Amino acid sequence: MVAAVGKLVIAIIVVVILRWGWKLLRWGWKLLNWAWLNPKKLEKALREQGYKGNSYKLLKGDLIELATMVKEVRSKPMPISHDISSHVLPYDHHIFNKYGKKTYIWFGPTPRVYVADPELIKEILSRPNEFQRPQHEPLRDSVIGGLVVSEGHKWAKHRHIINPAFHLESIKGMLSAICLSCSEMIKKWEVLTAGSGMAEVDVWPYIDNLAGDVISRAAFSSSYEEAQSIFSIQKEQMDLALQLLFIFYLPGGRFIPTKANKRFNENRHKLQTLARGIVEKRKKAIETGEASNNDLLGILLESNSKEFKDQGDGMSIEDVIEECKLFYIAGSETTSSLIIWTMVCLSLHQEWQHKAREEILEVFGTQELHFEGLKHLKIVTMILNEVLRLYPPATLVLRATHKETKLGAMMLPSGVNIIIPVLRVHHDPEIWGEDATEFKPERFSEGIANATQGKGSCAFMPFGGGPRICIGQNFAMIEAKVTIAKILQRFSFELSPSYKHSPFAVFSLPPQFGAHLILHAI
C-alpha cells in the first residue's frame, strides 16, 4: 500500500515537472524569439530591401543613445532659427545624416523604418487598413484613446458618429465660446500692460490655459468646472508619462511601485470617474427632454442616439468617455502649439505681423469677430499654414505592418513600425526649395498643392492625411484664427531679450522654456 502511494506521488511529481517544464520551455522560446531571433530576422529582411541602420542590440536597441541625445539637447535652448530638426528630434537627425533617407532605428526590439518620400507617404496614409497604428504603443496608450487608437470597423463607426460634432455648422455654434475664452485671456494681458502700455510676459501659460478653456466650453459647456478638472489632471498625466517613458516599455513596467507610477494610476481612476460623471449626467438630461446644448458632447450624444435608432448599434458609454478624453488632448495640445509658435514667428517677422493686423482690421475693425469674416483672412491663413509647416504639432506619424506588405517597390516584413518624419518632410529643400527652413507664408499664396514644387499636398501633413486625417482640423484652425485675430486687434508684440528658443516634441510641440514676449497695448 505504502509503495503504491509512493509511486503515485512520484508519478504526480513527474507530471507536474513535465507540465511546468514544458510551459517554461515555451515561455523561454517566446522570450528568445521576441528579444533576439525575430529582431535579427527583421534586420536581415530590411537590409535586403536596401535599408541601413545600426545593428540590433539586445532589448535596448537604439533607446539608450536616443535618450542620451534628447537629454543633452533639452538641457539648453537652441539658437533662434526655424531650422529646428536637430534640436527637436536629435537622434532622427543623426541617423539620417549617418545612413541617408532609407534608414531605420531600433525602438527596443522593434525596428522603425523611416519613409520620407511624399508618394510613399500618400500610399501609406491612403491605405489605413494595411498600415495601421501599432497595436501596442505604451506611451500613446497610457494617455490617449478613442479614435486615435481605434482600427477597422470600430474606427469607421466612431468616426461616422463623431463627424457631425466637427461639421462647420457645429463649430460655428461654438464661436461665441471660443471668443469668450480669448476675451478673458486678453483682459488679463490688458491689466498687465495698463500702467506703461507694455509688459514682458511669458505668454505660454496663458495660451496653454486658453486652449484648455476653449475645449472645456466648446465640448462640455454645461459641465465647465468639472471639465476644467479633467484638463488639469490630463496635463499632469502627460508630465508623468514622460517621467515613466522607459518604464512603460518594460514588460510589466506599469506595475512597478514607483511614486510616479502610483500617481499616474490614481489620476487614471480620477479621470475615468470625472468623465463618466459628465457623460452620464448629460445623457440623462437629454433623455428627460432637456436641450442637448450646442457643444461637442451634446452633438456626439445626439448622433450616437440616432445611430442606435437607425442601425441598432452605437458607441458604449465607455467609448464616449474615451472620445471625450481625446477631445481634451487633441483639442488643446494641437491648438496651443499652433498659436504659440505663430506668436513667436510674428515676433520675429514684424512685417507679417503688420500685414496680418491690417487684414484683420479691414475685415473686423476693432469689433467682435463673426464666423463669415474668418473666411476672408487669407494672409492669416497663409501665416498659420507656414507655422504648421515649420512647427508641426505632431512631428512624426507612426504606422505598423501586421503582415508582409508591399510599399512602392519594396516588400516590408510583418512586425515593422513605419515612421513618417513629418518635421523632416516639412523642412526638406527638395520639396519646399532652398528656403525650406525660412518663414515665408507667401509660399502658400496659391494653396498647399502649389507650395510643394510639384510634390503634391501630401508633403504637407500637420493634421495627418488620408481617410484618417485629424477630425478636429477645422476646429483647430478656426480657434487659431480667432485667437490670433483678437490678440492682434489689441496688441503688438516682440521677443523679449529673455526669450529662449526651445521647441521640444512631447504629444505636441510646446516651448520647453516658455515664450517670453514684450506686449504693447494698441
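Below, the figures for the structure above:
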item: Cα centre as origin, Lys/Arg/Asp/Glu Cβ charges: the chain dipole, Debye; result: 2640 debye
item: Eligible lysines near Lys259 by straight Cα distance, threshold 18 Å, same-chain separation 8 or greater; result: Lys235, Lys270
item: Net +/- balance of residues flanking Asp435 in space, Cβ distance below 14 Å, scoring K and R +1, D and E -1; result: -4
item: Chain lengthening between Phe371 and Ser498 when straightened (0.36 nm per residue, less Cα-Cα); result: 42.0 nm
item: Placed amide H near Ala116: partners under 5 Å, 5+ positions off or other chain; result: none
item: Charge dipole of the chain about the Cα centre (unit charges at C-beta), most positive-ward option of Gln353, Phe513, Trp22; result: Trp22
item: Cα gyration tensor shape for the chain, rounded if a/c is under 1.5, else prolate or oblate; result: prolate
item: For the range 229-364: rounded, prolate or oblate by the Cα gyration tensor [a/c cutoff 1.5]; result: oblate
item: Net charge, Val73 excluded, C-beta distance under 15 Å - Lys, Arg +1, Asp, Glu -1; result: 0
item: Net charge contributed by nearby residues that have their C-beta within less than 15 Å of Thr452 (K/R +1, D/E -1); result: -3
item: Reach of Lys157 by Cα under 16 Å, taken over lysines that are not fewer than 8 positions away in the same chain; result: Lys306, Lys309
item: 3J(HN,Hα) from dihedral phi, the range 315-324, Karplus parametrisation 6.51/-1.76/1.60, rounded to Hz, x for glycine, proline; result: 8, 6, 4, 5, 5, 4, 4, 4, 5, 5
item: 16 Å Cα-Cα reach of Lys41 towards lysines, excluding residues that sit fewer than 8 places from it in its own chain; result: Lys30, Lys52, Lys57, Lys403
item: DSSP beta bridge pairing in the range 397-522, given as percent antiparallel to the nearest 5; result: 95 percent
item: Shape of the range 63-206, Cα gyration tensor, a/c cut at 1.5; result: oblate
item: Leading residue at positive end of dipole, the chain (Cβ point charges), from Val363, Leu168, Phe491; result: Leu168
item: On Cα atoms only, tilt of 2-32 relative to the major axis of the chain in degrees; result: 40 degrees
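Readers should treat all values here as calculations from the given coordinates under stated rules, not as data from a laboratory. Just so you know, these numbers come straight off a predicted model, no measurement behind them. Note that we place each Cβ from the backbone using ideal geometry, even for glycine, and neighbour counts take in every protein chain shown.
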